[in-house]
Amino acid sequence: MADLRGLFQNNRRREVSAVTGTLPYAIEAADIREGTAEVVATNEAYTLITLPAGIIVTGVSLIVETGREFVAGTVSASVGATVVIPLLTDLTTAGVTVSDDTPIVLEADTDITITPASLTVDAGNVKARVRVIVEYTDFSRATMSFIGER
């Protein structure tokens with residue numbers, strides 16, 4: 001049997017990483033001095049993160065925290081064109097929704113998007129926000145540490 005442990009970067013470590021994207025209801029506060037209105041989330045797609053090519057997305061979670069719930073609305077999250085959190089996900093109840101549609105191999109730079117629906121403009125939404133956590137492993141780049149170094 002041939003030993004490939006030290007060849008083809010087979011012993012280079014690949015780290016499991018996670019990145020978080022946040023969509024708050026109040027995206028930008030009003031500026032009285034400049035005379036600009038508050039910018040709030042609407043029913044459209046928002047790009048939260050762009051992941052590089054050469055990774056495997058191993059998990060996507062959507063989190064609505066207690067005290068950060070929306071007054072009304074649902075949301076979906078997508079990795080590129082793949083919807084990983086369905087649009088039926090409720091924003092009015094605190095909790096975690098985990099995707100079943102992983103792993104996903106990214107061969108090109110890919111956007112992570114979140115699309116809210118049925119949001120209402122309501123002062124009670126000011127503290128509301130939704131977070132998306134994307135876990136991934138980079139298979140094309142590695143750290144400078146090796147497994148089995150002597």
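R0 = 25 Å: FRET efficiency of residue 90 with residue 123, Cβ-based, nearest 0.05? Computed FRET efficiency for residue 90 and residue 123: 0.75. With a cut-off of 14 Å between beta carbons, the residues surrounding residue 19 carry a summed charge of -4, where Lys and Arg count +1 and Asp and Glu -1. Within the listed set 12, 33, 68, the residue fluctuating most in the Gaussian network model of the chain (springs between alpha-carbon atoms under 10 angstrom) is 33. When the chain is treated as a Gaussian network with alpha carbon springs shorter than 10 Å, the biggest mean-square fluctuation among 49, 63, 27 belongs to 27. Along Cα→Cβ, 7 Å out, is where each label goes; now give me the distance between the ones at residue 37 and residue 65 in nm to one decimal. Label-label distance for residue 37 and residue 65, simple model: 2.9 nm. Extent along the principal axes, Cα only, for the stretch 16-138: 45, 31, 22 Å, with the longest axis given first. Between the stretch 6-37 and the stretch 64-130, what is the C-alpha centre distance in whole Å? Their Cα centres are 15 Å away from one another.
Provide the FRET efficiency to the nearest 0.05 for the residue 8-residue 135 pair, computing r from the beta carbons and using R0 = 25 Å. Once the sixth-power term is evaluated, E becomes 0.45.
In loop segments of the stretch 42-150 as defined by DSSP, the GluC sites (Glu not before Pro) with at most 16 further C-beta atoms inside 10 Å of their C-beta are 44, 65, 107, 149. Taken about its Cα centre, the chain carries a charge dipole of roughly 600 debye when the Cβ of each Lys and Arg holds +1 and the Cβ of each Asp and Glu holds -1.
Every read-out reported here was derived from the displayed coordinates using simple, explicitly stated rules and does not represent laboratory data. What you see is a predicted model; the values in this text were computed from it and never measured. Cβ atoms come from the backbone with ideal geometry, glycine included; neighbour counts cover every protein chain shown.
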